[in-house]
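The values are calculated or read from the model by the stated rules, or taken from the named source; none is laboratory data. Note that the structure is a prediction, hence the values are computed from the model and not measured. Cβ placement follows ideal geometry from the backbone for every residue including glycine, while neighbour counts extend to all protein chains displayed.
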Amino acid sequence: MSKQILFVDDDQNLLDSFARILHDEFTIETAPGGKEGLALIHLFGPFAIVISDMRMPGLDGAEFLARVRELSPQTVRMLLTGYKDLNRAITAVNDGQIFRYLTKPCSTEEMVSAIRLGLAQYRENVEAAELLKETRERKLNAPNGSSKRPFLAVK
């Protein structure tokens with residue numbers, strides 16, 4: 001199960017800072033924008049967690065995280081931004097189904113806590129998806145419709 005975390009932000013100093021601070025505990029990849037982040041997901045995914053800035057040239061955080069959701073539904077998505085536009089935040093939360101909304105500056109303790117919670121959520125997401133897949137396979141492979149639930153008479 002993946003424990004990779006992808007940070008996407010157009011601020012290279014911020015990316016370098018998080019990579020340096022968190023590399024002892026987590027596997028960190030970074031991308032300077034949404035397009036590059038999507039390329040990394042295609043090459044090295046799935047990622048357990050994707051943390052994205054909101055305001056980036058080209059593909060903004062809301063659009064990027066919505067695409068991540070399409071590509072990798074079990075991936076936990078977080079938004080890290082200093083931008084306080086409530087309407088864009090709501091769009092990001094709704095379209096990308098954001099797990100956490102973090103504001104800049106974000107302390108190391110707050111980031112580590114969010115990542116640990118995100119990894120737990122990722123494990124739950126993967127387990128739920130595997131259980132659903134197994135259930136569907138059992139139903140498809142059941143002989144003569146025995147996958148149907150038995151009728152229970154209520155007195």
Residue satisfying all of: in the stretch 22-60; crowded, with 18+ Cβ neighbours inside 10 Å and polar (S, T, N, Q); farthest from residue 117 (Cα to Cα) among these: 30
Test result for residue 63, under 16 Å from residue 3 (Cβ atoms) and either loosely packed, with under 14 Cβ neighbours inside 10 Å or without any contact (Cβ under 8 Å) to a residue 40 or more places away in the chain (or both): no
Pairs with Cβ under 8 Å, 6+ apart, first in the stretch 92-109 and within 12 Å of residue 54 (Cα to Cα), second assigned to a loop (DSSP other than H, G, I, E, B) and small (Gly, Ala, Ser): 103/82; 104/82
Does any residue in the stretch 39-54 that is in contact (Cβ under 8 Å) with a residue 60 or more places away in the chain and of a type in the set (Lys, Arg) come within less than 8 Å, Cβ to Cβ, of a residue that is surrounded by fewer than 24 Cβ atoms within 10 Å (Cβ to Cβ) and not in a loop (DSSP other than H, G, I, E, B) six or more places away or on a different chain, and which pairs are these? none
Candidate set from the stretch 66-114 (those that are among the small types (Gly, Ala, Ser) and at pLDDT below 90); member that is surrounded by the fewest Cβ atoms within 10 Å (Cβ to Cβ): 82
Quick one: would you say residue 120 is modelled with pLDDT under 80 and either within 30 Å of residue 21 (Cα to Cα) or in contact with a helix residue (DSSP H, G or I) (Cβ under 9 Å, 6 or more places away or on another chain) (or both)? no
Keeping to the stretch 57-115, report how many residues are touching a Phe, Trp or Tyr at 6+ places or on another chain (Cβ under 7 Å) and β-branched (Val, Ile, Thr). 4
Please give the number of the condition residue 104 fails out of (1) among the basic types (Lys, Arg); (2) under 17 Å from residue 18 (Cβ atoms); (3) within 18 Å of the chain's Cα centre (by Cα). (3)
